[in-house]
Amino acid sequence: QRVHACDVRRRARMMDGVMHEDIDENTIDRFAMEARAFCTWARGDDGVVLDVRSALVRVVALYNAAILLPHPWNERLSSELAEAETPKAELELVLRRASALPLQFYSEIFDPFERSPEPVTGHITDDIGDIYSDVARGLVLYERGQHDEALWEWGFNLKIHWGAHATGAIRALHAYLAQEKPDGLARST
């Protein structure tokens, strides 16, 4: 019987009555690379102009990499929360850059499962800043070699915080480009 590489990386095992997947370090490394690219772009360190198209590309790429991450809990995770903060000056820079986008406010439904929900106002600058804060904290842990803690930071906050900011921003950025700058959805050659 042949064993495929993906079977080895994604092998699940039963522990204490709960199914756990083996941690796929390649997936975590790929997410770290995407997180680094997002943070570099958000700060402007890469020289890429912060515009609606680049915002959509960066947020989509980050979200796509995040949904491939394994479950954030594993038995090697410390019971103590790892400390990692985003420097205030970095966050202020990210917020200042994001505030230059022509799209700032948009309507969205906070809870898509609520019957007849009232729309709420989303804010692109807030979205990019919150995504940056959550992802950058995990990146600090990852770069310290605390990969399990980084995975927890990224995966847990994807579910409870930055994932909602990312999906709201993706929809708003896409709608803006489709309505205001249709050529922005196509890659220029």
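Points worth noting:
- Of all residues in segment 108-137, exactly one satisfies the criterion of being in a strand (DSSP E or B), open to solvent by 40 Å² or more (accessible area, probe 1.4 Å) and in contact (Cβ under 8 Å) with a residue 40 or more places away in the chain, namely Glu108.
- Residue selected from segment 79-106 under the condition of a type in the set (Gly, Ala, Ser) and loosely packed, with under 13 Cβ neighbours inside 10 Å, by the criterion nearest to Ala175 (Cα to Cα): Ala100
- Matching option when the condition is modelled with pLDDT of 85 or more and outside any helix (DSSP H, G or I), among Leu69, Leu81, Leu77: Leu69
- Positions within segment 28-58 being over 18 Å from Glu90 (Cα atoms) and not charged (D, E, K, R), in sequence order: Ile28, Phe31, Ala32, Met33, Val52, Ser54, Leu56, Val57
- Number of the condition not met by Ala100 [criteria: (1) at pLDDT 95 or above; (2) in a helix (DSSP H, G or I)]: (2)
- Scanning segment 138-181 for residues that are surrounded by fewer than 19 Cβ atoms within 10 Å (Cβ to Cβ), among the polar types (S, T, N, Q) and assigned to a helix (DSSP H, G or I), we see that the one that is modelled with the highest pLDDT is Thr167.
The values are calculated or read from the model by the stated rules, or taken from the named source; none is laboratory data. The structure presented is a predicted model; accordingly, all values stated were derived computationally and were not measured. Every residue, glycine as well, gets a Cβ built from its backbone with ideal geometry; the counts of neighbours run over all protein chains shown. When the accessible area is computed, the model is the full protein with side chains, heavy atoms only, and any ligands, DNA or RNA have been set aside. Shrake-Rupley method; radii C 1.70, N 1.55, O 1.52, S 1.80 Å.
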